[in-house]
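Presented below is the structure to which this report refers.
Where a number appears in this text, it was derived from the coordinates with a stated rule and is not lab data. Not measured: the values here are computed from a predicted model. Ideal geometry is used to build each Cβ from the backbone, glycine not excepted, and the neighbour counts take in all protein chains shown.
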């Protein structure tokens, strides 16, 4: 077995706590080798994998979604630029959707977000007769693009 990085090395390099790295290992997101003494030995590629996990979680992806994305990376070899490009394309769609939702929130936060509450005087302007309820529960004008460009939006 070639010499790998210890969990402490990886923690220092990524800024993650040792317990977080162990958690990600328990969820199958990283798979370090073990020495005969049971010590974890990480590959340098695990630093990038763990960094991706950290960013993806901060963007709101669940552990399951992150695992799904990372499952396309090869086992037993360091991912290539092409491997990460495929991941990037999948992640880009999520980022674009997230950015669009944050922009809708920014643009609608001082007005109506389509919650159907009818508690604000302006709800009669933005959401007459609680029409947003037809599109589902919650802040429909932020969660979806169904009302983009309609009066009051």
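Values as computed for the structure displayed
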{"read-out": "Rounded D (µm²/s) - region 7-80, Kirkwood Rh over Cα pairs, Stokes-Einstein at 25 °C, 0.890 mPa s", "value": "195"}
{"read-out": "Protection proxy ranking of 66-72, 78-84 - average other beta-carbon atoms within 10 Å, highest first", "value": "66-72, 78-84"}
{"read-out": "Simple label model, 7 Å out from Cα along Cβ direction - residue 26 to residue 54, nm", "value": "2.1"}
{"read-out": "Simple label model, 7 Å out from Cα along Cβ direction - residue 34 to residue 105, nm", "value": "4.1"}
{"read-out": "Per-pair calculated FRET efficiency, R0 = 25 Å: residue 75 and residue 19 via Cβ, rounded to 0.05", "value": "0.55"}
{"read-out": "Peptides 4-14, 42-52, 27-37 ordered by average Cβ neighbours within 10 Å, highest first", "value": "42-52, 4-14, 27-37"}
{"read-out": "Dimensions in Å of region 54-105 - Rg and Dmax from alpha carbons", "value": "12.5, 43"}
{"read-out": "Sites residue 95 and residue 135 - FRET efficiency at Förster radius 35 Å, r taken between beta-carbons, to 0.05", "value": "0.90"}
